[in-house]
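Remarks on the structure that follows.
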Amino acid sequence: MWVEILKKSQEFEFPAEELAANIKEKYELRIVIWRTRNVPLVETDKVKIQVKIRINEEGKDFDDETDVHHNSKDGKGIFNWRFVYGFYFPKKINTIKLMIYNYNALSASELIGEKVLDMSTLYKKIHRTKITISNDRDWIKLSNRDFI
């Protein structure tokens with residue numbers, strides 16, 4: 001809600017402005033997974049690391065995943081994997097879910113850790129300024145109460 005209270009003598013100094021509707025615009029989100037570290041060793045002395053991403057667009061989940069880094073004995077994995085998503089903003093759900101799994105080809109892979117990133121602030125900034133934003137490379141800590 002927007003309220004302006006002016007003296008009668010000020011009404012011509014500050015004319016009323018028409019507010020534009022918040023129109024949905026299409027954007028592209030690029031995420032790069034370079035490497036992992038400190039991934040718990042699930043199979044006693046090794047882990048098969050796979051990173052998955054889940055993005056919700058208009059109430060529907062879209063999943064994508066990296067390849068598998070087999071037999072990591074120190075919890076490290078190297079990927080250089082790129083995810084590219086087209087999306088419209090504004091939207092109701094502005095989160096990205098990152099998940100690390102211990103890959104299993106014959107049955108369900110085991111979830112090792114996850115992190116939900118709230119992208120609202122970043123999306124609003126991009127929508128408002130109309131400029132490309134690039135974040136520096138950083139580590140994101142994923143957690144799972146079974147591996148703490």
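The values are calculated or read from the model by the stated rules, or taken from the named source; none is laboratory data. Just so we're clear, the structure is a prediction, and the values are computed from it rather than from any experiment. Neighbour counts run over all protein chains shown; Cβ positions are idealised from the backbone, glycine included.
Scan region 31-51 for residues that are surrounded by fewer than 19 Cβ atoms within 10 Å (Cβ to Cβ), basic (Lys, Arg) and closer than 28 Å to Thr95 by Cα and jot them down.
Selection gives Arg35, Arg37.
Scanning for something of a type in the set (Asp, Glu), at pLDDT below 85 and either touching a strand residue (DSSP E or B) at 6+ places or on another chain (Cβ under 6 Å) or more than 30 Å from Gly86 (Cβ to Cβ) (or both), does region 47-61 turn up at least one residue?
Restricting attention to region 47-61, the residues satisfying the condition of being of a type in the set (Asp, Glu) are 57-58, 61.
Applying the additional criterion that residues be at pLDDT below 85 yields 57-58.
Right, trim to either touching a strand residue (DSSP E or B) at 6+ places or on another chain (Cβ under 6 Å) or more than 30 Å from Gly86 (Cβ to Cβ) (or both) and you get 57.
Yes: region 47-61 contains one or more residues that are of a type in the set (Asp, Glu), at pLDDT below 85 and either touching a strand residue (DSSP E or B) at 6+ places or on another chain (Cβ under 6 Å) or more than 30 Å from Gly86 (Cβ to Cβ) (or both).
Report yes if Gly86 is under 22 Å from the mean Cα position of the chain (by Cα), touching a residue at least 40 places away in the same chain (Cβ under 8 Å), within 24 Å of Tyr123 (Cβ to Cβ) and loosely packed, with under 12 Cβ neighbours inside 10 Å, otherwise no. Lay out the reasoning, then the answer.
Numbers: under 22 Å from the mean Cα position of the chain (by Cα): yes; touching a residue at least 40 places away in the same chain (Cβ under 8 Å): yes; within 24 Å of Tyr123 (Cβ to Cβ): yes; loosely packed, with under 12 Cβ neighbours inside 10 Å: yes.
Here the answer is yes, as Gly86 does meet what is asked.
Pairs please, first residue from region 92-107 and touching a residue at least 60 places away in the same chain (Cβ under 8 Å) and on the phi < 0 side of the Ramachandran plot, second anywhere and assigned to a loop (DSSP other than H, G, I, E, B) and of a type in the set (Ser, Thr, Tyr), Cβ atoms under 8 Å, 6+ apart in sequence or on different chains.
Qualifying pairs under 8 Å: Asn102/Ser109.
Return the pairs, sorted by first residue and then second, in which the second residue is aromatic (Phe, Trp, Tyr) and surrounded by 10 or more Cβ atoms within 10 Å (Cβ to Cβ), the first residue lies in region 121-133 and is under 15 Å from Glu28 (Cβ atoms), the beta carbons are less than 6 Å apart, and the residues are 6+ apart or on different chains.
Every condition considered, the pairs that remain are Tyr123/Phe89; His127/Phe89.
Could you check how many residues of region 29-51 are polar (S, T, N, Q) and either assigned to a strand (DSSP E or B) or at negative phi (or both)? Outline the logic, then answer.
Within region 29-51, the subset polar (S, T, N, Q) is 36, 38, 44, 50.
From what is left, the residues that are either assigned to a strand (DSSP E or B) or at negative phi (or both) are 36, 50.
Adding up the residues that qualify gives 2.
Give Asn94, Asn22, Asn71 a once-over and let me know the one that is closer than 20 Å to Ile133 by Cβ, over 22 Å from the mean Cα position of the chain (by Cα) and not charged (D, E, K, R). Write out each step before concluding.
Numbers: Asn94 fails: over 22 Å from the mean Cα position of the chain (by Cα); Asn71 fails: closer than 20 Å to Ile133 by Cβ.
Of the residues listed, the single one that is closer than 20 Å to Ile133 by Cβ, over 22 Å from the mean Cα position of the chain (by Cα) and not charged (D, E, K, R) is Asn22.
Against the condition out of contact with any Pro (no Cβ under 8 Å at 6 or more places or on another chain), exposed (fewer than 15 other Cβ atoms within 10 Å of the Cβ), in contact (Cβ under 8 Å) with a residue 12 or more places away in the chain and of a type outside the set (D, E, K, R), how does Ile78 come out, does it pass?
Numbers: out of contact with any Pro (no Cβ under 8 Å at 6 or more places or on another chain): yes; exposed (fewer than 15 other Cβ atoms within 10 Å of the Cβ): yes; in contact (Cβ under 8 Å) with a residue 12 or more places away in the chain: yes; of a type outside the set (D, E, K, R): yes.
Answer is yes for this residue.
Has region 78-92 got at least one residue that is closer than 19 Å to Ser143 by Cα and either touching a helix residue (DSSP H, G or I) at 6+ places or on another chain (Cβ under 9 Å) or at pLDDT 90 or above (or both)?
Applying the first criterion (closer than 19 Å to Ser143 by Cα) to region 78-92 yields none.
No, that holds for no residue.
In this structure, does Ser120 turn out to be surrounded by fewer than 10 Cβ atoms within 10 Å (Cβ to Cβ) and either in contact with a Pro (Cβ under 7 Å, 6 or more places away or on another chain) or hydroxyl-bearing (Ser, Thr, Tyr) (or both)? It would help to see each step written out before you state the result.
Details: surrounded by fewer than 10 Cβ atoms within 10 Å (Cβ to Cβ): no; either in contact with a Pro (Cβ under 7 Å, 6 or more places away or on another chain) or hydroxyl-bearing (Ser, Thr, Tyr) (or both): yes.
No, not satisfied.
Checking Lys26 against (1) surrounded by 10 or more Cβ atoms within 10 Å (Cβ to Cβ); (2) assigned to a strand (DSSP E or B): exactly one of these is not met. Which one?
(1)
Among the residues of region 127-141, is there at least one that is in a strand (DSSP E or B) and either at pLDDT 90 or above or over 30 Å from Ile23 (Cβ atoms) (or both)?
Within region 127-141, not a single residue is in a strand (DSSP E or B) and either at pLDDT 90 or above or over 30 Å from Ile23 (Cβ atoms) (or both).
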